[in-house]
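All remarks here apply to the structure that follows.
The values are calculated or read from the model by the stated rules, or taken from the named source; none is laboratory data. For clarity, every value in this text was computed on a predicted model and none was experimentally measured. No Cβ is skipped: glycine too gets one built from the backbone with ideal geometry, and neighbour counts run over all protein chains shown.
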Amino acid sequence: MQTNHFYCLNEENVHLIPDSKRIWSNYLGSENYASVILNNGKGFSYSGSTGLGAFIKTHQEDEELTGKCIYIRDCETNDFWSNTRSPVCKPLEQIKNRCEHHSGYTIIDTEYDEIQSKTCYLIPRNKNFEIVHLQLINKSM
C-alpha cells in the first residue's frame, strides 16, 4: 500500500498522508501569523511569520510539541478520542485517519466507532488568526 503521495488538484500540489508513521508538516501563514501542523495533529502557532505556506517532510522528534487536536467524547459510553491521530492514539485497527496537506491549509479526516470528523486548519491571507473548522458525521444513523 502506498502511504504517502502527491497529486494535483485544481493546479495545487496536495500531499496525502493516510495513517503514516512518518512525520510531515504543513506551514500555514500570513505575513504576521503562522502555524505549523503535523499529520498526527501536533503543532504550534506563533506571531511574527516570515513565510507564506509550504509543506515539508520533517525528521524532528515531536514529543514536545503541543497539539492542534479536539477531544471527542461519546456521552453514552464515555469513550473518547481525538480528531487527529495524537494524543489519544487509539489502535490503528479501530481508527481510520487521513491527512491532506494543501497549499495554505490542512484537512484531517478521522473515523472512529462510526463517528467521522473532518477538520480543516487554515490561516486566511493577511489575517492574524487561525480558523479550525470541525465537522462531525454520525455514520450509524
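Strands (runs of 3 or more DSSP E) fully within region 61-129 that include at least 2 residues being charged (D, E, K, R) and surrounded by 16 or more Cβ atoms within 10 Å (Cβ to Cβ): 95-102, 105-112.
Test of understanding: among Leu38, Leu28, Leu16, Leu52, which residue is surrounded by 13 or more Cβ atoms within 10 Å (Cβ to Cβ), modelled with pLDDT under 80 and under 12 Å from the mean Cα position of the chain (by Cα)? Step through it out loud before you land on a result.
Numbers: Leu38 fails: modelled with pLDDT under 80; Leu28 fails: modelled with pLDDT under 80; Leu52 fails: under 12 Å from the mean Cα position of the chain (by Cα).
Sole residue among the options that is surrounded by 13 or more Cβ atoms within 10 Å (Cβ to Cβ), modelled with pLDDT under 80 and under 12 Å from the mean Cα position of the chain (by Cα): Leu16.
Scan region 120-134 and tell me whether some residue there is over 18 Å from Gly29 (Cβ atoms) and either β-branched (Val, Ile, Thr) or touching a helix residue (DSSP H, G or I) at 6+ places or on another chain (Cβ under 7 Å) (or both). So far as region 120-134 goes, no, none of its residues is over 18 Å from Gly29 (Cβ atoms) and either β-branched (Val, Ile, Thr) or touching a helix residue (DSSP H, G or I) at 6+ places or on another chain (Cβ under 7 Å) (or both).
For region 86-133, filtering for residues that are over 13 Å from the mean Cα position of the chain (by Cα) and aliphatic (A, V, I, L, M) leaves 5.
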